[in-house]
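Right, one structure below, let's go through it.
The values are calculated or read from the model by the stated rules, or taken from the named source; none is laboratory data. What you see is a predicted model, and the numbers here were worked out from it, not measured in a lab. Cβ atoms come from the backbone with ideal geometry, glycine included; neighbour counts cover every protein chain shown.
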Amino acid sequence: MAKLYFYYSAMNAGKTTTLLQSSFNYRERGMNTMLFTAKIDDRYGDPVITSRIGITAEANIFDEGTDLFAIVAESIKNRPLHCILVDEAQFLNKDQVFQLAAIADSLKIPVLCYGLRTDFQANLFEGSKWLLALADEMNELKTICTCGKKASMNLRIDANGNAVKEGDSIEIGGNDRYIALCRQHFMEKLYGPTSS
């Protein structure tokens, strides 16, 4: 039975590296994969998926109007697909998450999605919200806070390293704009220390 998987974490946990390794594992065994990434994240140009450690792979681009089910259904007319992998899955919309579930259920192809759970204000991204609702399996990839505890939050910072409290939910950036922190340090940076 094919499943819909959601691998989520704070930034800098190696989501993209893990995705690319998974695709490599399939291909090394003679199986075909199809990779997708969000058009909005154009830091490395498109159509590629690039990890922070420098591994890259060509990918299909999706935006809010992309019909992922139709693309996969058309592709399997020409070659079998053994796995669909989606990077930046937080940028999916509700319809696209339902399409990915249909790929697993109707086309019998496993779908592995990798993305952030929440934005810089601790709000669920739309894609993450629906993946948390529909995924057969969910796994947290872990990274660490500056204090050594598990980081689960993404703090947006300005050019001086100060916490940004307001703004659009989506602002593309890397280490220059975001820091992964544990909940305690995230809250302290946004709202100040709490009294014990």
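I want to confirm something. Restricting to segment 21-38 and keeping residues that are modelled with pLDDT of 95 or more and aliphatic (A, V, I, L, M), which single residue is surrounded by the fewest Cβ atoms within 10 Å (Cβ to Cβ)?
Per the stated criteria, the residue is 31.
The rows are residues; the columns are (1) part of a helix (DSSP H, G or I); (2) at positive phi; (3) modelled with pLDDT of 95 or more; (4) among the small types (Gly, Ala, Ser).
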{"site": "98", "(1), (2), (3), (4)": "yes, no, yes, no"}
{"site": "104", "(1), (2), (3), (4)": "yes, no, yes, yes"}
{"site": "108", "(1), (2), (3), (4)": "no, yes, yes, no"}
{"site": "122", "(1), (2), (3), (4)": "no, yes, no, yes"}
{"site": "130", "(1), (2), (3), (4)": "yes, no, yes, no"}
{"site": "133", "(1), (2), (3), (4)": "yes, no, yes, yes"}
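Based on this model, can you work out whether residue 84 counts as under 13 Å from residue 109 (Cα atoms) and touching a Leu at 6+ places or on another chain (Cβ under 8 Å)?
yes
Right, residue 49: over 18 Å from residue 98 (Cα atoms) and in contact with an Asp or Glu (Cβ under 8 Å, 6 or more places away or on another chain) or not?
For residue 49, the condition - over 18 Å from residue 98 (Cα atoms) and in contact with an Asp or Glu (Cβ under 8 Å, 6 or more places away or on another chain) - is met.
For the list (1) touching a Phe, Trp or Tyr at 6+ places or on another chain (Cβ under 8 Å); (2) more than 22 Å from residue 178 (Cβ to Cβ); (3) surrounded by 13 or more Cβ atoms within 10 Å (Cβ to Cβ), I need the number of the one condition that residue 137 fails.
Residue 137 satisfies all of (1) touching a Phe, Trp or Tyr at 6+ places or on another chain (Cβ under 8 Å); (2) more than 22 Å from residue 178 (Cβ to Cβ); (3) surrounded by 13 or more Cβ atoms within 10 Å (Cβ to Cβ) except (3).
Rundown of residues vs (1) under 23 Å from the mean Cα position of the chain (by Cα); (2) of a type in the set (Ser, Thr, Tyr); (3) modelled with pLDDT under 85, yes/no style:
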position: 140; (1), (2), (3): yes, no, no
position: 146; (1), (2), (3): yes, yes, no
position: 150; (1), (2), (3): yes, no, no
position: 156; (1), (2), (3): yes, no, no
position: 159; (1), (2), (3): no, no, no
position: 169; (1), (2), (3): yes, yes, yes
position: 172; (1), (2), (3): yes, no, yes
position: 182; (1), (2), (3): yes, no, no
position: 191; (1), (2), (3): no, yes, yes
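Looking at segment 104-152 only, could you name the residues that are of a type in the set (Val, Ile, Thr) and closer than 19 Å to residue 3 by Cβ?
109, 111
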